[in-house]
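Engineer: Pasting in a structure now, in structure tokens, and then I'll have a few things to ask.
The values are calculated or read from the model by the stated rules, or taken from the named source; none is laboratory data. All figures in this text were calculated on a predicted structure; none of them were measured in a lab. Cβ atoms come from the backbone with ideal geometry, glycine included; neighbour counts cover every protein chain shown.
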Amino acid sequence: MSAPARPDPWAQLRALTGARIALGRCGSGQPTAAQLDFAAAHALARDAVHQPLDTDALAEAWAALGHGPARRVHSRADSRATYLQRPDLGRRLAEADAARLAADAATAGEHDLAIVVGDGLAAPAAQNHALPLLAALLPRLAGRRLAPLVIAEQARVALGDEIGAALRARLVLVLLGERPGLSAPDSLGAYLTYAPRVGRRDAERNCLSNIRPAGLPPAAAAGKLAWLVDQALSRQLTGIGLKDEADLPGLAAP
Amino acid sequence: MSLAAAVGVRRYAFADLREVLAKASPLRSGDAMAGIAAGSAAERVAACRVLADLPLRRLRDEQLIAYESDEVTRLIVDSHDGAAFAPVAGQTVGEFREWLLADSTGQAELAALAPGLTPEMVAAVSKLMRNQDLIAVARKCRVVTAFRDTIGLPGRLAVRLQPNHPTDDARGIAAALLDGLMYGVGDAVIGINPASDSPAALAALWRMLDELIARFAIPTQSCVLTHVSSQIAAIEAGLPVDLVFQSVAGTEAANAGFGINLAMLQEAREAALSLQRGTLGEHVMYFETGQGSALSANAHHGVDQQTCEARAYAVARQFKPLLVNSVVGFIGPEYLYDGKQIIRAGLEDHFCGKLLGLPMGCDICYTNHAEADQDDMDNLLVLLGTAGVNFIMGVPGADDIMLNYQSTSFHDQLFVRQALGLKRAPEFESWLQAMGLADSDGRLLPAAADQRLLRDLTRGLA
């Protein structure tokens, strides 16, 4: 072996940032280990985008929490490829599901809060972190009238607007997977929208992002969400007005 | 003239110029989402045939977005140089393509023509071009700009050093910055996308970059990529602002979505010029663009995303930028679905910008939900290097940990320099030699532990 990859001499600087610095080089190329590290991170992110949501497992885990059975719906995007290219279709319910939700809601009363768990751009985020978050959140919502949990496939944030309106909910909470990055393929986003109806804008929502054990842990996120739910219901709004006071980031929806 | 043509046994008719341009565009997901893409491959070629026979003049005389309701249209119409347009004024779009490709059309002719071209003309002709045509014509164009170094000279490629950090941590940014400089990156600009928009956090970044550039006499310029209004405020507060950045789009309504208009950009340019911080030139603006921005703001007026993008270059051109960067794959697969669409768009944007006289660079990039990977980026890097792109990005390991997307790495720029024989900006190349970072051919030297930049900056970070 001659001319191995030359290591950069300031590797100690790597401790200062998560950026891929001080990788060393072989000619103009990256050393093999660095190249494969990158490939592994990209592979996890790609798989996160394309892995389907296991709705059976989610529904079972939800039932075990003792809040009644979950409903399952699908957006108008009938495949992952369509979902990725047509965000507008991911924001609307499949017609049969819309009719079914509306029929059910006709016999039920109003609700304070509807909760939607969707795949978004990374089903593993919803699969792994939604139930731990809800398990921590539900005890803090005692006394609130909760609509049945809705599990949604090929869902964008705004799908919650149509679901919340159909369920006659004053507030809708949507939990779904955020666009995966190389450093975090399973970040969950939580979006809260008061008076949900089709056509709500992103500025009318509050958002918590990067919910995952190594980011904003689900239990901590539950505390913030419980505060936001209380504020939203008592002040009858979500969005910029709530964000400023709570000092929470209002991020654009995926 | 009727807007109709036959392909095979069928005749296709089009209602107006907007429809012809949209349906002549190579397939991309954004136009399909907008509902304006060709319905079949044959219809696309029919639209191209109509476009080929269309007089260029008609694209000047007939507006896609009304003059009365859009200040970008007014800018395009009012700044059109009829005398510069004269050499091609009698041509159809198809003839114009052939004129651009002809051996007798060179750098001087293209530079003289630029003020006579409108975004709609360059977008139209690009739709009749294959990728090799886009490269062949763009590489004949030469757009040179300067602030503290000179960018866009023949045989040169500059790189933006992009040392972003998710919490703007000064030491984290400095570590990435040092790594980039050691790779000979940073002649286009040292540009940070801040996570914060608080004035104090931004001020710290401007001061840090200013001190670094002054301390080592680096022939480059800094930029903190925040909203233009924050940069105007920073200049008024006495902060050391080199370049003023802003994202721009091709319609008045889309720019309103960015919270800007032409008057604000003019104010920003005048504020930056007032500081007189450039030593070699007065190009003080840095613009970013990208296909799909108008559609995502629901502000496209039924115009296809590539033509909207070319209109953004008319906005940029007005303010004499140092750098214009098409951030081509950042927007996501609903606008550019896969590597093929991203590569095509990158070549179109570079071609259109260069024809209009802009110092075009490209953020060769993608997100994890697009059907693309590093191999696609390698392809576009070589293609744009061949086309003579003015600058690209330099991101540690191609992984931007603040913006969460993948761009080109410090290694990638070394690769394309070696593969295509591309040098850095001359002033920066000399600085690297003086610092002992590169030899007289621009090849990186092994970094010794006592190298001054490394020693001084590492000490500061200890």
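Engineer: Could you identify the single residue in A:Asn206, A:Asn210 that is at pLDDT below 95, crowded, with 24+ Cβ neighbours inside 10 Å, polar (S, T, N, Q) and not in a helix (DSSP H, G or I)? Even if it seems obvious, please write down each step before you answer.
Structural biologist: Values: A:Asn210 fails: crowded, with 24+ Cβ neighbours inside 10 Å.
Unique residue meeting the criteria: A:Asn206.
Engineer: Conditions first: (1) modelled with pLDDT of 95 or more; (2) over 15 Å from A:Arg168 (Cα atoms). A:His67 passes all but one, so which condition is the exception?
Structural biologist: (1)
Engineer: For segment B:438-462, give me the residue count where each residue is under 16 Å from B:Tyr183 (Cβ atoms), within 12 Å of another protein chain (Cβ to nearest Cβ) and assigned to a loop (DSSP other than H, G, I, E, B).
Structural biologist: Total satisfying the criteria: 6.
Engineer: Suppose we filter B:Val77, B:Val50 for residues that are touching a strand residue (DSSP E or B) at 6+ places or on another chain (Cβ under 7 Å), in a helix (DSSP H, G or I) and more than 20 Å from B:Asp349 (Cα to Cα); which single one remains?
Structural biologist: B:Val50
Engineer: Let me spell it out: the conditions are (1) crowded, with 23+ Cβ neighbours inside 10 Å; (2) at pLDDT below 95, and B:Val189 meets all of them except one. Which number is the exception?
Structural biologist: (2)
Engineer: Out of (1) closer than 27 Å to B:Phe319 by Cα; (2) crowded, with 24+ Cβ neighbours inside 10 Å, the odd one out for B:Gly172 is which?
Structural biologist: It fails just one condition, (1).
Engineer: In segment B:177-214, which residues are of a type in the set (Ser, Thr, Tyr) and over 20 Å from B:Gln231 (Cβ atoms)?
Structural biologist: Of everything in segment B:177-214, just one residue is of a type in the set (Ser, Thr, Tyr) and over 20 Å from B:Gln231 (Cβ atoms), namely B:Tyr183.
Engineer: How about segment B:162-191: which of its residues are away from chain A (no Cβ under 12 Å), of a type outside the set (Asp, Glu) and either at negative phi or in a strand (DSSP E or B) (or both)?
Structural biologist: Initially, segment B:162-191 is screened for residues away from chain A (no Cβ under 12 Å), giving B:186-191.
Within this subset, residues satisfying the condition of being of a type outside the set (Asp, Glu) are B:186, B:188-191.
Scanning segment B:162-191 gives B:Ala188, B:Val189, B:Ile190, B:Gly191.
Engineer: Could you say which residue among B:Asp399, B:Asp378 is out of contact with any Lys or Arg (no Cβ under 7 Å at 6 or more places or on another chain) and at pLDDT 95 or above?
Structural biologist: Of B:Asp399, B:Asp378, the one residue that is out of contact with any Lys or Arg (no Cβ under 7 Å at 6 or more places or on another chain) and at pLDDT 95 or above is B:Asp378.
Engineer: Let me ask you something else. I'm trying to understand the selection: among the residues of segment A:168-179, which are within 14 Å of another protein chain (Cβ to nearest Cβ) and under 15 Å from A:Ala152 (Cα atoms)?
Structural biologist: Across segment A:168-179, the qualifying residues are A:Leu176, A:Gly177, A:Glu178.
Engineer: Mind listing whichever residues of segment A:26-49 are of a type outside the set (Phe, Trp, Tyr), facing another protein chain (nearest Cβ under 9 Å) and closer than 29 Å to A:Ala126 by Cβ?
Structural biologist: Those that are of a type outside the set (Phe, Trp, Tyr), facing another protein chain (nearest Cβ under 9 Å) and closer than 29 Å to A:Ala126 by Cβ: A:Asp37, A:Ala39, A:Ala41, A:His42, A:Ala45, A:Arg46, A:Ala48, A:Val49.
Listed here are the residues, each with its yes/no results for (1) of a type in the set (Asp, Glu); (2) assigned to a loop (DSSP other than H, G, I, E, B); (3) buried (at least 17 other Cβ atoms within 10 Å of the Cβ); (4) on the phi > 0 side of the Ramachandran plot.
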{"residue": "A:Ala43", "(1), (2), (3), (4)": "no, no, no, no"}
{"residue": "A:Asp47", "(1), (2), (3), (4)": "yes, no, no, no"}
{"residue": "A:Leu53", "(1), (2), (3), (4)": "no, yes, yes, no"}
{"residue": "A:Leu58", "(1), (2), (3), (4)": "no, no, yes, no"}
{"residue": "A:Ala63", "(1), (2), (3), (4)": "no, no, no, no"}
{"residue": "A:His67", "(1), (2), (3), (4)": "no, yes, no, no"}
{"residue": "A:His74", "(1), (2), (3), (4)": "no, no, yes, no"}
{"residue": "A:Ala81", "(1), (2), (3), (4)": "no, no, no, no"}
{"residue": "A:Leu84", "(1), (2), (3), (4)": "no, no, yes, no"}
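Engineer: OK, next. Please specify each residue of segment B:340-371 satisfying the condition of being small (Gly, Ala, Ser) and either more than 14 Å from chain A (Cβ to nearest Cβ) or not in a loop (DSSP other than H, G, I, E, B) (or both). Reasoning before the result, please.
Structural biologist: Here is the first cut: in segment B:340-371, the ones small (Gly, Ala, Ser) are B:345-346, B:353, B:357, B:361, B:370.
Hits for segment B:340-371 are B:Ala345, B:Gly346, B:Gly353, B:Gly357, B:Gly361.
Engineer: Right, B:Ala419: of a type in the set (A, V, I, L, M), farther than 28 Å from A:Ala122 by Cβ, facing another protein chain (nearest Cβ under 9 Å) and touching a Gly at 6+ places or on another chain (Cβ under 9 Å) or not?
Structural biologist: For B:Ala419, the condition - of a type in the set (A, V, I, L, M), farther than 28 Å from A:Ala122 by Cβ, facing another protein chain (nearest Cβ under 9 Å) and touching a Gly at 6+ places or on another chain (Cβ under 9 Å) - is met.
Engineer: Of the numbered conditions (1) within 13 Å of chain B (Cβ to nearest Cβ); (2) not in a loop (DSSP other than H, G, I, E, B), A:Leu182 satisfies every one except a single condition; which is it?
Structural biologist: With respect to (1) within 13 Å of chain B (Cβ to nearest Cβ); (2) not in a loop (DSSP other than H, G, I, E, B), A:Leu182 is out only on (2).
Engineer: If B:Ala47 satisfies all but one of (1) touching a Pro at 6+ places or on another chain (Cβ under 7 Å); (2) buried (at least 21 other Cβ atoms within 10 Å of the Cβ); (3) within 20 Å of B:Arg130 (Cα to Cα), what's the number of the condition it fails?
Structural biologist: Result: B:Ala47 fails condition (1) only.
Engineer: Among the residues of segment B:430-444, what is the count of those that are surrounded by 14 or more Cβ atoms within 10 Å (Cβ to Cβ) and free of Cβ contacts under 8 Å to residues at least 40 places away in the same chain? Steps first, please.
Structural biologist: Filtering segment B:430-444 for residues surrounded by 14 or more Cβ atoms within 10 Å (Cβ to Cβ) gives B:430-433, B:435-438, B:442, B:444.
If we keep only those that are free of Cβ contacts under 8 Å to residues at least 40 places away in the same chain too, we end up with B:433, B:436.
Qualifying residue count for the region: 2.
Engineer: Related question: Using the structure shown, decide if B:Ala22 is crowded, with 19+ Cβ neighbours inside 10 Å and assigned to a helix (DSSP H, G or I).
Structural biologist: Judged against the criteria, B:Ala22 is a match.
Engineer: Does A:Ala195 qualify as being within 14 Å of chain B (Cβ to nearest Cβ), aliphatic (A, V, I, L, M) and more than 13 Å from the chain's Cα centre (by Cα)?
Structural biologist: No, not satisfied.
Engineer: Still on this structure: Taking segment A:213-231 on its own, how many of its residues are small (Gly, Ala, Ser) and not in a helix (DSSP H, G or I)? Explain how you work it out, then say what you get.
Structural biologist: First, the residues of segment A:213-231 that are small (Gly, Ala, Ser): A:214-215, A:219-223, A:226.
Next, only the ones that are not in a helix (DSSP H, G or I) stay: A:214-215.
Counting residues in segment A:213-231 that are small (Gly, Ala, Ser) and not in a helix (DSSP H, G or I) gives 2.
Engineer: Still on this model: Is it the case that segment A:18-25 has a residue that's of a type in the set (Gly, Ala, Ser), more than 8 Å from chain B (Cβ to nearest Cβ) and assigned to a helix (DSSP H, G or I)?
Structural biologist: No; the residues of segment A:18-25 include none that is of a type in the set (Gly, Ala, Ser), more than 8 Å from chain B (Cβ to nearest Cβ) and assigned to a helix (DSSP H, G or I).
Engineer: Related question: Quick one: how many residues across segment B:121-131 are crowded, with 24+ Cβ neighbours inside 10 Å and of a type in the set (D, E, K, R)?
Structural biologist: Qualifying residue count, segment B:121-131: 1.
Engineer: Given the structure, is B:Gly332 closer than 21 Å to B:Leu27 by Cβ and surrounded by 22 or more Cβ atoms within 10 Å (Cβ to Cβ)?
Structural biologist: When the stated conditions are applied, B:Gly332 passes them.
Engineer: Still on this model: Among the numbered conditions (1) at pLDDT below 95; (2) buried (at least 22 other Cβ atoms within 10 Å of the Cβ), tell me where B:Arg424 comes up short.
Structural biologist: Status for B:Arg424: all satisfied but (1).
Engineer: If you go through segment B:227-251 one residue at a time, how many are crowded, with 22+ Cβ neighbours inside 10 Å and not aliphatic (A, V, I, L, M)?
Structural biologist: Adding up the residues that qualify gives 6.
Engineer: Just to be sure I understand, how many residues within segment B:27-63 are more than 14 Å from chain A (Cβ to nearest Cβ) and hydroxyl-bearing (Ser, Thr, Tyr)?
Structural biologist: Going through segment B:27-63 one residue at a time, the tally reaches 1.
Engineer: Also: Only one of B:Gln374, B:Gln413 is touching a residue at least 12 places away in the same chain (Cβ under 8 Å), within 11 Å of another protein chain (Cβ to nearest Cβ) and under 15 Å from B:Ile151 (Cβ atoms); which?
Structural biologist: Going through B:Gln374, B:Gln413 in turn, the sole match is B:Gln413.
Engineer: Additional query: Go through (1) more than 12 Å from chain A (Cβ to nearest Cβ); (2) out of contact with any Lys or Arg (no Cβ under 8 Å at 6 or more places or on another chain); (3) part of a helix (DSSP H, G or I); (4) β-branched (Val, Ile, Thr) for B:Thr386 and report which single condition fails.
Structural biologist: All conditions pass for B:Thr386, except number (2).
Engineer: If you don't mind, another one. State all residues of segment B:169-196 that are of a type in the set (D, E, K, R) and without any contact (Cβ under 8 Å) to a residue 60 or more places away in the chain; if no residue qualifies, say none.
Structural biologist: Within segment B:169-196, B:Asp169 is the sole residue that qualifies.
Engineer: Regarding A:Thr193, is this residue buried (at least 24 other Cβ atoms within 10 Å of the Cβ) and polar (S, T, N, Q)? I'd like the intermediate steps shown before the answer.
Structural biologist: Numbers: buried (at least 24 other Cβ atoms within 10 Å of the Cβ): yes; polar (S, T, N, Q): yes.
For A:Thr193, the condition - buried (at least 24 other Cβ atoms within 10 Å of the Cβ) and polar (S, T, N, Q) - is met.
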